[in-house]
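Reading through the structure tokens given below for one structure.
The values are calculated or read from the model by the stated rules, or taken from the named source; none is laboratory data. None of the values given here were measured: they were computed from a predicted structure. Cβ placement follows ideal geometry from the backbone for every residue including glycine, while neighbour counts extend to all protein chains displayed. Accessible surface is based on the protein model in full, side chains and every heavy atom, while ligands, DNA and RNA are left aside. Shrake-Rupley method; radii C 1.70, N 1.55, O 1.52, S 1.80 Å.
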Amino acid sequence: MRVTLLGTGDTTGTPTVNCECETCQVARNPGEKLRKRCREQGATITAAGGVERTRFSIHIYNDRTEQSLLVDFSPDFRQQFLREDLPLPGAGIVTHIHFDHLDGLGNCFRLVDELAVYAADETDPVTGKSVAETVDHDYAYLDQIDVRPRTPLEPFEACGFEVTLVPVSHPPLLCYGLAIEDPETGAKLSVSGDTNYAIPDVSREVLADPDLFLADAIVPAALCEYHPAGGDHEGEDGIPRTFGTKHMTREGALALAEELGAKETRLVHIAHYYPAEEAFEQPLALDGEQYDL
Ligand SMILES: [Zn+2]
Ligand SMILES: [Zn+2]
Ligand SMILES: [Zn+2]
């Protein structure tokens, strides 16, 4: 499978509109040295010469079946597909109903004839609907999509892959991570989804031993002091693995990657609050990186 990181940013992306912070300024104009290093790690340099982290989306191409699976529909869908020039998806998965993961779905109008959209079937007490029911309701006008509810922790087939939705922890909404495996080659991609560190053990077991792990790492733990809810889920070193209530810190994401035994880890859902001297350092991902598993 070929994994392309279409969108590696948080809900405002990097650069953030109208933001003059140092990180956003460096993203707009990295300079020749940093641009070269970003290119070497596989990042796409934009037409304007910058690097970016658009809203979250992952493209997974199955070279055996020549099908493409999309994880989440970023509001930046159009820009991402123009930038990377990838095949349009034959199927998609929606991890949860937040704007930055779902609101690009309308882009499929007149681009695809038929699109299977998989999402969890558990009723969320907050909305009174499952993710699948919300997608079905909100996009009822979109005849091209065929919403297929799936039960978490029960593997299903999509684009020739074996896919399992796993419950994670992103209060107050239900949200899911993913294990995506090629049954022929044994290649495995795990995606944390938007989550704090308190992922249930049963989900950790499904996510374990991936060739590539994409983990929510919205900010470094040092920034917890600026969140009204502070940090949570401190490790033995006293460092919070959760930022506020909804997301993992960089340290939390890396601790989880180690626990899962991930062969390779890239940190995603990155905010522009990372200091500029840390924001463009591996293992933080940038848009455009590709991995062959
Ligand atoms: Zn900024
Ligand atoms: Zn979210
Ligand atoms: Zn998000």
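Take residue 66 and decide whether it is charged (D, E, K, R), under 25 Å from residue 145 (Cβ atoms) and away from ligand 3 (no atom under 16 Å from the Cβ).
On the way: charged (D, E, K, R): yes; under 25 Å from residue 145 (Cβ atoms): yes; away from ligand 3 (no atom under 16 Å from the Cβ): yes.
Spelling it out, residue 66 is indeed charged (D, E, K, R), under 25 Å from residue 145 (Cβ atoms) and away from ligand 3 (no atom under 16 Å from the Cβ).
Quick check: is even one residue across the range 23-31 among the aliphatic types (A, V, I, L, M) and within 16 Å of ligand 3 (Cβ to nearest atom)?
no
Assigned to a strand (DSSP E or B) and either at pLDDT 95 or above or under 28 Å from residue 289 (Cα atoms) (or both): is that true of residue 254 in this structure? Break it down stepwise before answering.
On the way: assigned to a strand (DSSP E or B): no; either at pLDDT 95 or above or under 28 Å from residue 289 (Cα atoms) (or both): yes.
Against the criterion (assigned to a strand (DSSP E or B) and either at pLDDT 95 or above or under 28 Å from residue 289 (Cα atoms) (or both)), residue 254 does not qualify.
Considering only residues that are in a loop (DSSP other than H, G, I, E, B) and among the charged types (D, E, K, R), look in the range 192-209 and name the one that is least open to solvent (accessible area, probe 1.4 Å).
Only one residue fits best here, namely 194.
Could you give me the residue pairs with C-beta distances under 9 Å whose first residue belongs to the range 223-245 and is touching a residue at least 60 places away in the same chain (Cβ under 8 Å), whose second residue is surrounded by 14 or more Cβ atoms within 10 Å (Cβ to Cβ) wherever it lies, and which are 6+ apart or on separate chains?
Listed by first residue and then by second, the contacts come to 245/169; 245/170; 245/196; 245/227; 245/232.
For the range 221-275, what are the residues that are β-branched (Val, Ile, Thr) and out of contact with any strand residue (DSSP E or B) (no Cβ under 6 Å at 6 or more places or on another chain)?
Of everything in the range 221-275, those that are β-branched (Val, Ile, Thr) and out of contact with any strand residue (DSSP E or B) (no Cβ under 6 Å at 6 or more places or on another chain) turn out to be 239, 245.
Has the range 32-39 got at least one residue that is among the hydrophobic types (A, V, I, L, M, F, W, C), at pLDDT 95 or above, over 21 Å from residue 161 (Cα atoms) and open to solvent by 20 Å² or more (accessible area, probe 1.4 Å)?
Taking every residue of the range 32-39 in turn, at least one turns out to be among the hydrophobic types (A, V, I, L, M, F, W, C), at pLDDT 95 or above, over 21 Å from residue 161 (Cα atoms) and open to solvent by 20 Å² or more (accessible area, probe 1.4 Å).
From the residues in the range 164-188 that are of a type in the set (Val, Ile, Thr) and assigned to a loop (DSSP other than H, G, I, E, B), which one is surrounded by the fewest Cβ atoms within 10 Å (Cβ to Cβ)?
Narrowing the range 164-188 to residues of a type in the set (Val, Ile, Thr): 164, 166, 168, 180, 185.
Restricting the remaining residues to those that are assigned to a loop (DSSP other than H, G, I, E, B) gives 168, 185.
Working: 168: 28, 185: 12.
Step by step, filter the range 164-188, then rank; the result is 185.
Test residue 60 against the stated conditions and say whether it is under 25 Å from residue 136 (Cβ atoms), within 20 Å of the chain's Cα centre (by Cα), hydrophobic (A, V, I, L, M, F, W, C) and away from ligand 3 (no atom under 16 Å from the Cβ).
yes
Being surrounded by fewer than 23 Cβ atoms within 10 Å (Cβ to Cβ) and among the acidic types (Asp, Glu) is the filter here, so list the residues in the range 252-293 that pass it.
Selection gives 258, 259, 264, 277, 278, 281, 289, 292.
Suppose we keep only residues that are part of a helix (DSSP H, G or I) and crowded, with 19+ Cβ neighbours inside 10 Å within the range 1-30. Which one would you say is nearest to ligand 1 (Cβ to nearest atom)?
That would be 24.
Any idea how many residues of the range 214-251 are in a loop (DSSP other than H, G, I, E, B) and either within 16 Å of ligand 3 (Cβ to nearest atom) or open to solvent by 40 Å² or more (accessible area, probe 1.4 Å) (or both)?
So the count comes out to 12.
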